Amino acid sequence: MRAAFLAVNGAVIAFLLTPVAIVLFFAVNPEPFIAFPPTGVSFRWFEKFLTSRDFMAAFGLSLVLGAATVAIAGTLGTAAALAIARGGLPGRRTLTAIFLSPIVLPAILTGFALFQLAMVLGLGRTVWILLAGHCVIAVPYVLRTVLAVLAHSDPALEEAARGLGATPAVAFREVTLPLIRPGVIAGALFAFIVSFDQFPVSLFLVSPGNETLPIAMFNYLRFDSDGTIAAASTVSILLAVLLVLGIERTIGLQEYARL
C-alpha cells in the first residue's frame, strides 16, 4: 500500500515538474529549437533576454505592477476580511461570494469586462487601469487567506485588549495584526504571483509601449520561438521559487500550508 502511494505521488510530481525541466533544458540549449538531449550548455538566451530593451521594460513593469498590487490588494483584502469576520455586517456570505467572484469567473471574461468598462467611462487603456485589473484579480486571494486565519483566531484576545484600555488602533497593531500576519504574508505572495504572471486581464488592458512580461513573451512567440522565451520563463520560475523561500523564512511552509 505504501509503495503504491509513493508511486502515485512520484508520478504526480514527475507530471508537474517535467514541463519545468523541459523549459530549463531549452533555456540552456545553444540550439534555437528544442532538442533532447541538449547539444551543449549555453547562456546565450539569457544574455539575449537580459539585453533586450523590450523584455527588460516589460519585466520592470511587471515587477512594479506586482509590488503595487501587493500594497493595494493587500490593504483592501485585509480590510475586507476584517470587516466580514469581525464587523458583524449583514449578508456576510453574500459579501464574501462577491469578493471571491473573480476567482470563480474565467479571467478572460474579467479582462474583457474591465476593458469594456474602461472604454465606456472613457478612461482608455492606461497603466492605472491595468493596475486596477490586477488588483481586482488579486484581492480575493488576500481576502481568502486572511479569512482563514481569522476563522482560527480567538476574538476574545482583541476584546481583552480593548477591555484593558487599548484604543482600536493600538489593539489592531499589537493584537490583531500579529494574529493575521501569516494570512497577510501568504495573500501578498499570491497577489504578487497572480499579478506578475497575469495574462488574460493584461491582454485586454495593456497599451502599446506598456506591456507586461507575459504579453511581451506572447508577442515574441508570434514571430520567433527560440530559447529566449525559455530563458524568460526560467527567470519567472526562479522568482516564484524565491518568493516561496521567503515564505519559508518568514512564517514557514508548515504554517502556510494550514491557511
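The values are calculated or read from the model by the stated rules, or taken from the named source; none is laboratory data. Because the structure is predicted, anything quoted here is derived from the model rather than measured. Here the Cβ is made from the backbone with ideal geometry for all residues, glycine too, and neighbour counts use every protein chain on show.
Modelled with pLDDT under 85, more than 18 Å from the chain's Cα centre (by Cα) and more than 22 Å from residue 61 (Cα to Cα): does that describe residue 209?
Here the answer is no, as residue 209 does not meet what is asked.
Every residue, every condition in (1) farther than 16 Å from residue 214 by Cβ; (2) touching a residue at least 40 places away in the same chain (Cβ under 8 Å), yes or no:
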site: 53; (1), (2): yes, no
site: 64; (1), (2): no, no
site: 79; (1), (2): yes, no
site: 104; (1), (2): yes, no
site: 110; (1), (2): no, yes
site: 139; (1), (2): yes, yes
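So that you can scan it fast, the table gives a plain yes or no per residue for (1) in the same structural domain as residue 229 (by TED's automatic domain parsing); (2) among the polar types (S, T, N, Q); (3) at pLDDT below 85:
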residue	(1), (2), (3)
60	yes, no, no
70	yes, no, no
73	yes, no, no
94	yes, yes, yes
99	yes, no, yes
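Could you tell me how many of the residues in the stretch 119-147 are small (Gly, Ala, Ser) and under 21 Å from residue 76 (Cα atoms)?
Matching residues across the stretch 119-147 total 3.
So, restricting to helices (runs of 4 or more DSSP H) that lie completely within the stretch 27-126, which ones have at least 2 residues that are under 30 Å from residue 238 (Cβ atoms) and among the charged types (D, E, K, R)? Even if it seems obvious, please write down each step before you answer.
Values: elements: 44-50, 53-86, 92-104, 107-120.
Per the criteria, 44-50, 53-86.
So which residues in the stretch 209-226 are crowded, with 19+ Cβ neighbours inside 10 Å and either in a helix (DSSP H, G or I) or without any contact (Cβ under 8 Å) to a residue 40 or more places away in the chain (or both)?
Across the stretch 209-226, the qualifying residues are 213, 214, 215, 216, 217, 220.
Would you mind stating whether residue 132 is on the phi < 0 side of the Ramachandran plot and without any contact (Cβ under 8 Å) to a residue 40 or more places away in the chain? Steps first, please.
Numbers: on the phi < 0 side of the Ramachandran plot: yes; without any contact (Cβ under 8 Å) to a residue 40 or more places away in the chain: yes.
So residue 132 fits the description; yes.
Considering only residues that are crowded, with 17+ Cβ neighbours inside 10 Å, more than 14 Å from residue 181 (Cα to Cα) and touching a residue at least 60 places away in the same chain (Cβ under 8 Å), which ones fall in the stretch 81-102?
Scanning the stretch 81-102 gives 84, 85.
Taking the condition at pLDDT below 85, of a type in the set (A, V, I, L, M), in the same structural domain as residue 189 (by TED's automatic domain parsing) and surrounded by fewer than 14 Cβ atoms within 10 Å (Cβ to Cβ), does residue 120 pass?
So residue 120 does not fit the description; no.
Being among the aliphatic types (A, V, I, L, M) and surrounded by fewer than 21 Cβ atoms within 10 Å (Cβ to Cβ) is true for just one of 206, 244, 201. Which residue is that?
It is 244.
Has the stretch 161-171 got at least one residue that is over 18 Å from the mean Cα position of the chain (by Cα) and modelled with pLDDT of 75 or more?
The answer is no, given that none of the residues of the stretch 161-171 is over 18 Å from the mean Cα position of the chain (by Cα) and modelled with pLDDT of 75 or more.
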